[in-house]
Structure formats: C-alpha cells, structure tokens
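Worksheet for the structure shown next.
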Amino acid sequence: MVFTSGGTEANNLAIRGVMEASGQDGRVVTSVVEHPATERPCAWLEGRGAPVVRLGVDRHGRVGLDEAERTIAPDTTLVTVMHANNETGVLQPIEALARLGHAVHAVVHTDAAQSLGKVPVKVDNLGVDLLSVAGHKLYAPKGVGALYIRRGTRIAPFTLGAGHERGLRPGTENVASIVGLGVACVAAERDLDEAAARMQRLREALWERLVAAIPGLRLNGHPELRVPNTVNVRFPGVTGDAVLAGAPEVAASTGSACHDGHTTASAVVTAMGVSAEEAMGSVRLTLGRHTSEDEIERAATALSRAWRQSVEAR
C-alpha cells in the first residue's frame, strides 16, 4: 500500500508508473466512461506514443466482455477500468476483466474511489494488481488516498525525491490524514451491510417518487448492478441544469461539461447510446450514510416542482 494525496494521484501512479516500468512498451486498455483521473493519464501516454484502446459500453453503461476479450491481446501491458462509475454508479465486471488481463500477462488496475465503503471491495476477489482509494469518498479527511500494489507488480514513481513509501511516492506523509483514512475504513467495513441496505432503500424511494411525479423519466445506468447510493435520472424535455437551478435546496450535478458558456451532454451518458439532446436532461443524485427519509421526500418534491416549472417555461 502506498499513501497518496487522493484518488487522482493514486491513478496517475498506477497508470504512469506501470507504463514507465515497462519502458512504455505495449498498449493500455481502458474504457470510454472513465473518470478524468484515469482518462487524462491515458491520454497523456497516448500523446507520447503509447497505444491506448478504449472499450465501449452497453446501454446500461457496462463494458462488453466480448469486445474486451477481442481487445485485451498479448501486446497489452495495462488494463485500467474503474470499479464503479462516478456519474451512474454502474459496477464494471472487474473480475472478468482481470482474468482476461492476466491471461496475457497484463497488469490490471481499477479505480475504486466510488465503490469502496458502499459495496464489498476485496482485491483478491476482484483479482486486480492495483486499486486506487480516495479517502473523502468514504468520510476520511480530504486530501488523502492510497494505492494498493500487489506484491511483485512492477511500477515506477512518476515524482522524484527521497525514499518515502519505498521510493514510490517521495515526500513527507500526511500522517494525521492517513490515520483518519484508517479509521474511516474500519467504520466503513463495520457498517457496510447496514449502511448499504439503508441507502439502497432510500435511493429506491427517491426513484419511485420521481417516476410517479414525472412522466417519461428515465434511468441512466444498470437497474441493479450499481452502488447503492447513486441514481442518475434523465428528465424529459428540459436540461438537468434547468432542473437544478429550479431546486436550489438540492445539491446534485449533471455530469455535463460547460465550455465557453455552452453546455455539452455527459460523455458517460451518450456512450450508453442516449442522444445528446436527451442526455442533457441527466442529473446525478447521490445519498450519504446520514441521508434521511424526510430529505428524500423534500428532494423529490423540489425536483418534481422544478421539472414542471422548466417544462412550462419552455
């Protein structure tokens, strides 16, 4: 285990470190729905001549194993696919991808920032060689994370300095936050089953209230294979930005990007085959361990009201 400043640094160390240790020989296989903390290091490698192949996803947002089997070939050095998507919460078939990767002697990495503390995450069950952790995603302090490195995995540092963390991450460790991460992990494991069941029950209650109030509302993602605290919904006939602007009491995000004043649809949602126009209506709603039934009711009421007002204003 190497302690880092968060999931982004852990992903960079995993991706760039493995390719640096290999002499940047071979290709990287990833997916089209990765977080920027994975996609940008992959694009950085690509810009320096490393072949990068991005696996597509099905209508539920899951990587297709048939395509993966055709793509993960003997010239593959690294397979890096996130465990749970940050916008939809969809869980990827990491165990199967790990088997495919190891069959051709590739290193397998997964970003577990969104899944750790919400579903069981065990490196031996997943079969991965590298796993990234973001502390604040499971109630640890912000600014701390970790990278699990299976013994024997060849990896090189991408920052240079002294010999901290066995020479893989130079710089004085943030001991107080590392302790906080440890405490958060202990609490997450202790309460996992109870917290997950509670969040899933409340998530489904939120979905049911929204579906009952908004004709044509759609789910982005898999109906079952996702983390228990996330529901990504697609509001019909309006943009997600308009809905959230009309419901300021709800803290949520659209997953879309804004450049030069122009909003573009979420690349994760369009990758699932949703048209850009429809994808613009998407909103990601996430629950926490302390979310209450009253807050679910208030959120559903506010979002439904905002949707109706947005439709009427068009």
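The values are calculated or read from the model by the stated rules, or taken from the named source; none is laboratory data. All figures in this text were calculated on a predicted structure; none of them were measured in a lab. With ideal geometry, Cβ positions are generated from the backbone for all residues, glycine too; neighbour counts draw on all protein chains shown.
Per the conditions (1) at pLDDT 95 or above; (2) over 20 Å from residue 113 (Cβ atoms); (3) buried (at least 17 other Cβ atoms within 10 Å of the Cβ), the sole criterion not satisfied by residue 256 is (1).
From the list 69, 46, the lone residue that is in contact with a helix residue (DSSP H, G or I) (Cβ under 9 Å, 6 or more places away or on another chain), charged (D, E, K, R) and either crowded, with 16+ Cβ neighbours inside 10 Å or not assigned by TED's automatic domain parsing to the domain that holds residue 279 (or both) is 69. Among residues that are farther than 25 Å from residue 114 by Cα, touching a residue at least 40 places away in the same chain (Cβ under 8 Å) and out of contact with any Lys or Arg (no Cβ under 9 Å at 6 or more places or on another chain), residue 305 is included.
Please enumerate the residues belonging to region 158-202 that are outside any helix (DSSP H, G or I), surrounded by fewer than 16 Cβ atoms within 10 Å (Cβ to Cβ) and not hydroxyl-bearing (Ser, Thr, Tyr). Passing the criteria: 160, 161, 162, 163, 170, 171, 173.
Every condition in (1) within 20 Å of residue 291 (Cβ to Cβ); (2) without any contact (Cβ under 8 Å) to a residue 40 or more places away in the chain holds for residue 199 except the one numbered (2).
For first residues located in region 241-257 and of a type in the set (Asp, Glu), partners that are at pLDDT below 95 and lie 6+ apart or on another chain with Cβ distances below 6 Å form the pairs 241/254.
Restricting to region 1-31, what's the tally of residues that are of a type in the set (Ser, Thr, Tyr) and touching a strand residue (DSSP E or B) at 6+ places or on another chain (Cβ under 6 Å)?
4
Applying the criterion of at least 3 residues that are under 21 Å from the mean Cα position of the chain (by Cα) and not hydrophobic (A, V, I, L, M, F, W, C) to the strands (runs of 3 or more DSSP E) found wholly in region 1-119 leaves 107-111. Test residue 166 against the criterion of being more than 27 Å from residue 61 (Cα to Cα) and of a type in the set (D, E, K, R), and give yes or no. When the stated conditions are applied, residue 166 passes them. Identify all residues within region 7-33 that are surrounded by fewer than 21 Cβ atoms within 10 Å (Cβ to Cβ), of a type in the set (Gly, Ala, Ser) and closer than 15 Å to residue 97 by Cβ; write none if there are none. None - no residue of region 7-33 is surrounded by fewer than 21 Cβ atoms within 10 Å (Cβ to Cβ), of a type in the set (Gly, Ala, Ser) and closer than 15 Å to residue 97 by Cβ, so the list stays empty.
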